[in-house]
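Trainee: What follows is a structure written as structure tokens; I'll ask about it next.
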Amino acid sequence: MRERCEKRNFAGIVGREILTLSCVDSTNTYLKNAALHGAAEGTVVVADAQSAGRGRLGRSFQSPAGKGVYLSVLLRPSMPPERLLPVTALTAVAVCRALREVCGAEAEIKWPNDVLLDRRKIAGILTEAVMPQEGKTCLVIGIGINVAQTAEDFSPEVAALATSLRMQGKEISRETLVPPLLARLDEMYEALRSGNLQPWLAEYRRRCATLGKPVRLRNLAGGEETARAEAVDEQFGLVVRTAEGTVKTVRGGEVSVRGLYGYTE
Ligand code: BTN
């Protein structure tokens, strides 16, 4: 495994130390392990390829060499766990901001945190927690952005749902995308620590492609129901109205959105 470690002297936190690997099983797995061995807050691990990239809900994340941005960030927040709940949604907004900055693309967000271009998934986020010692939670935020893939780089199942910057006519190098992404993530962490989340929530709501659409909810026990997505609440939960008229707030599980990939009648 070829590796390069860069220490940067700047006022922010995210990206103070950047470890670049040629190939790793998963940058999240690597960084969770490093967190248990004392890696510094703000450490970023970037890989050219992942042999076992992981997604939400136990799925895999296809990570062909040189085609995408695959990175993870380590945070050691000292705040109550309930204040950390929006971190993945906030990260989705940070990814959208970075994409706009590098190529003018206005991405959307499929609740809770898939980033879409042209109604297909361009980026995914997997946040995991580790507890190196009692009462101290570390967060590892993993981000995968499809940059230079063509349809042939994805498996047929993923090709039906995914896109890349290249497939959207945007020829951006991975190296161009990473610095603005880290800068936006640093701003996101500052907002999380200060509690000034309103601008982020407003942007999340504006970009949320799920709102106003019929959705199919699948809970963690495998049950399914249909509803309409009506709002995103202050904690980034999805407020839905079921066919029977009951209003409830969804905070996890799987939500398919009619009109977006992955919703089959
Ligand atoms: C999802 O779409 O379900 C989340 C995908 C997250 C993928 C990124 S790539 C970098 C980091 N390492 C991983 O193994 N997963 C995340």
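Trainee: Decide, for the stretch 165-239, between rounded, prolate and oblate: order the square roots of the alpha carbon gyration tensor eigenvalues as a ≥ b ≥ c, take rounded if a/c falls under 1.5, and otherwise choose prolate if a/b is larger than b/c, else oblate. List each step's numbers first, then the result.
Mentor: Working: a/c = 2.34, a/b = 1.41, b/c = 1.66.
Cα axes put the stretch 165-239 in the oblate bin.
Trainee: Tell me the Kirkwood hydrodynamic radius of the stretch 87-131 in angstroms, computed as one over the mean inverse distance between distinct C-alpha pairs. Write out the running numbers ahead of the final one.
Mentor: Numbers: mean 1/r = 0.0929 Å⁻¹.
Radius from the Kirkwood sum: 10.8 Å.
Trainee: Give me the number: length gained by fully extending A52 to E225, i.e. 0.36 nm times residue separation minus the C-alpha to C-alpha distance, one decimal in nm. Walk me through the intermediate numbers first.
Mentor: Working: separation 173, 0.36 × 173 = 62.28 nm, distance 3.20 nm.
This chain segment gains 59.1 nm when fully extended.
Trainee: What residues qualify as long-range amide H neighbours of T127, i.e. H under 5 Å apart, gap of 5 or more or another chain, H built at 1.01 Å from N?
Mentor: G142
Trainee: Pick from I125, I18, I145: which is most flexible by mean-square fluctuation in a GNM of the chain where alpha carbon atoms under 10 Å apart are linked?
Mentor: I18
Trainee: If you don't mind, there's one more thing I want to ask. Across the stretch 87-103, in residue order, what do the Karplus-derived ³J(HN,Hα) couplings come to in whole Hz, using 6.51 cos²θ - 1.76 cosθ + 1.60 with θ = phi - 60° and x for Gly and Pro?
Mentor: With coefficients 6.51, -1.76 and 1.60, one gets 4, 6, 5, 5, 5, 4, 5, 4, 5, 4, 5, 5, 5, 4, 5, 7, 9 Hz.
Trainee: Something else about it: Take every Cα-Cα distance within the chain, group them into 5 Å bins from 0 onward, and report for each bin the whole-number percent of pairs it holds.
Mentor: Using 5 Å bins, I get a P(r) of 1, 6, 13, 17, 20, 18, 13, 8, 3, 1, 0, 0 for the chain.
Trainee: Along the charge dipole of the stretch 1-144, which of H37, L85, A123 sits closest to the positive end, that is, farthest toward it, with unit charges on the beta carbon of Lys, Arg, Asp and Glu (+1, +1, -1, -1)?
Mentor: A123
Trainee: Could I ask something else about it? Please check: in the Gaussian network model of the chain (C-alpha springs, under 10 Å), which one of T163, T27, T249 has the largest mean-square fluctuation.
Mentor: Evaluated over the chain, the most mobile residue of the options is T249.
Trainee: What number, in nm² with one decimal, is the all-direction average of the projected area of the convex hull of the alpha-carbon atoms of the stretch 1-140? Each step should come with its number before you reach the end.
Mentor: On the way: hull surface 36.6 nm².
In nm², the orientation-averaged hull projection of the stretch 1-140 is 9.1.
Trainee: Restricting to Cα pairs below 8 Å that are 6+ residues apart, what does the relative contact order work out to for the stretch 36-149? Please round to a whole percent. Can you show the working numbers first?
Mentor: Values: 197 pairs, mean separation 33.1, N = 114.
29 percent.
Trainee: Cβ neighbours within 10 Å, averaged per peptide: list 168-174, 240-246 in order, most packed at the top. If you can, show how the numbers build up before the last one.
Mentor: On the way: 168-174: 14.9, 240-246: 11.9.
With the highest mean Cβ count within 10 Å placed first, the list reads 168-174, 240-246.
Trainee: With only Lys, Arg, Asp and Glu charged, each at its Cβ (+1 for the first two, -1 for the last two), find how big the charge dipole of the chain is about the Cα centre; round to the nearest 20 debye. Mind showing how you got there, number by number?
Mentor: On the way: 35 positive and 31 negative charges, 34 e Å.
In total the dipole reaches around 160 debye.
Trainee: If you average the alpha carbon positions of the stretch 1-58 and of the stretch 106-126, how far apart do those two centres end up, in angstrom?
Mentor: 22
Trainee: Can you give the FRET efficiency for V247 and E175, using 1/(1 + (r/R0)^6), R0 = 51 Å, r = Cβ-Cβ distance, to the nearest 0.05?
Mentor: Numbers: r = 46 Å, r/R0 = 0.91.
According to the calculation, E is roughly 0.65.
Trainee: With a cut-off of 8 Å between alpha carbons and a minimum separation of six or more residues, what is the relative contact order of the chain in percent? Intermediate results must be reported in sequence, preceding the final value.
Mentor: Details: 549 pairs, mean separation 40.6, N = 265.
Relative CO of the chain lands at 15 percent.
Trainee: Return the single residue from L165, L36, L99 with maximal mean-square fluctuation; model: Gaussian network over the chain, springs between Cα atoms under 10 Å.
Mentor: Of L165, L36, L99, the Gaussian network model singles out L36 as fluctuating most.
Trainee: Find the eigenvalues of the gyration tensor of the Cα atoms of the stretch 114-233, then list the square roots of 5 times those eigenvalues as equivalent ellipsoid semi-axes, largest first, in whole angstrom.
Mentor: Details: eigenvalues 130, 109, 61 Å².
In descending order the semi-axes read 26, 23, 17 Å.
Trainee: Kindly rank 213-226, 72-85 from highest to lowest mean number of other beta carbons found within 10 Å of each residue.
Mentor: Values: 213-226: 13.5, 72-85: 16.2.
For the peptides 213-226, 72-85, the packing ranking is 72-85, 213-226.
Trainee: Counting Lys and Arg as +1 and Asp and Glu as -1, what is the net charge of the other residues whose Cβ lies under 14 Å from the Cβ of F154? Before the final figure, lay out the partial values.
Mentor: Values: positive: R59, K67, R120, K121, R166; negative: E152, D153, E157.
Net of charged neighbours comes to +2.
Where a number appears in this text, it was derived from the coordinates with a stated rule and is not lab data. The structure displayed is predicted, hence computed values, not measured ones. Cβ coordinates were reconstructed from backbone atoms using ideal geometry, including for glycine residues, and neighbour counts include every protein chain displayed.
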